[in-house]
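A short worksheet on the structure shown next.
The values are calculated or read from the model by the stated rules, or taken from the named source; none is laboratory data. Please read these numbers as outputs of a predicted model, since none were measured by experiment. When we count neighbours, we look across all protein chains shown, and the Cβ atoms used for this are built from the backbone with ideal geometry, even at glycine. Only protein heavy atoms, including side chains, enter the accessible area calculation; ligands, DNA and RNA are left aside. Shrake-Rupley method; radii C 1.70, N 1.55, O 1.52, S 1.80 Å.
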Amino acid sequence: MKVTIDTAKCISAGQCVLAAPEVFDQRDDDGIVLLLTSSPPVSLAEDVRQAATLCPALAIAVED
């Protein structure tokens, strides 16, 4: 699994952080998403896909 984010699309909703805090975080100054790992373990796959689904800006891409 490979995860990428488009920070230009991010609207700082934080849904990704709630769904997969091991993979996503937010910058303190503006809330834009930070990717903690671009290749999360298989055990987090469901959480990462959920985060991508919940993202209101569709800023998260997940490739298998």
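Applying the Karplus relation 6.51 cos²θ - 1.76 cosθ + 1.60 with θ = phi - 60° to the range 49-61 yields 3J(HN,Hα) values of 5, 4, 4, 5, 5, 6, 5, x, 9, 6, 8, 10, 10 Hz, where x marks Gly and Pro. Computed 3J(HN,Hα) for the range 31-36, one whole-Hz value per residue from the Karplus formula 6.51 cos²θ - 1.76 cosθ + 1.60 where θ = phi - 60°, is x, 5, 5, 10, 9, 7, glycine and proline marked x. Extending 7 Å from Cα along the Cβ direction at Lys9 and again at Thr53 yields two label points whose distance is 1.7 nm. For Ala61 and Ile32, the difference between the fully extended length at 0.36 nm per residue and the C-alpha to C-alpha distance is 8.9 nm.
In order along the range 20-30, the Karplus-derived 3J(HN,Hα) couplings, from 6.51 cos²θ - 1.76 cosθ + 1.60 at θ = phi - 60°, round to 8, x, 6, 10, 10, 9, 10, 5, 5, 6, 9 Hz, and Gly and Pro are given as x. Here are some values of semi-axes √(5λ) of the Cα gyration tensor in Å: [x] 16, 15, 10; [y] 17, 11, 10; [z] 27, 14, 8. Which one was computed from this structure? Structure-derived value, by its label: [y]. The residues of the chain present an accessible area of 60 Å² per residue when probed at 1.4 Å with all protein chains retained.
Run the helix sum for the chain: -39,500 (n - 2.57) per DSSP H stretch of 4+ residues, divided by residue count, reported at 222 nm to the nearest 500 deg cm²/dmol. Show your work: numbers first, answer last.
Numbers: 2 runs with 15 residues, N = 64.
Value at 222 nm, helices only: -6000 deg cm²/dmol.
For Leu34, the residues 5 or more places off, or on other chains, whose built amide H falls under 5 Å of its own are Asp25, Gln26, Arg27. A Förster distance of 22 Å, applied to the separation of the beta-carbon atoms of Ser43 and Lys2, puts the FRET efficiency at 0.90.
Net charge dipole, the chain: roughly 140 debye, given to the nearest 20, about the Cα centre with Cβ charges of +1 for Lys and Arg and -1 for Asp and Glu.
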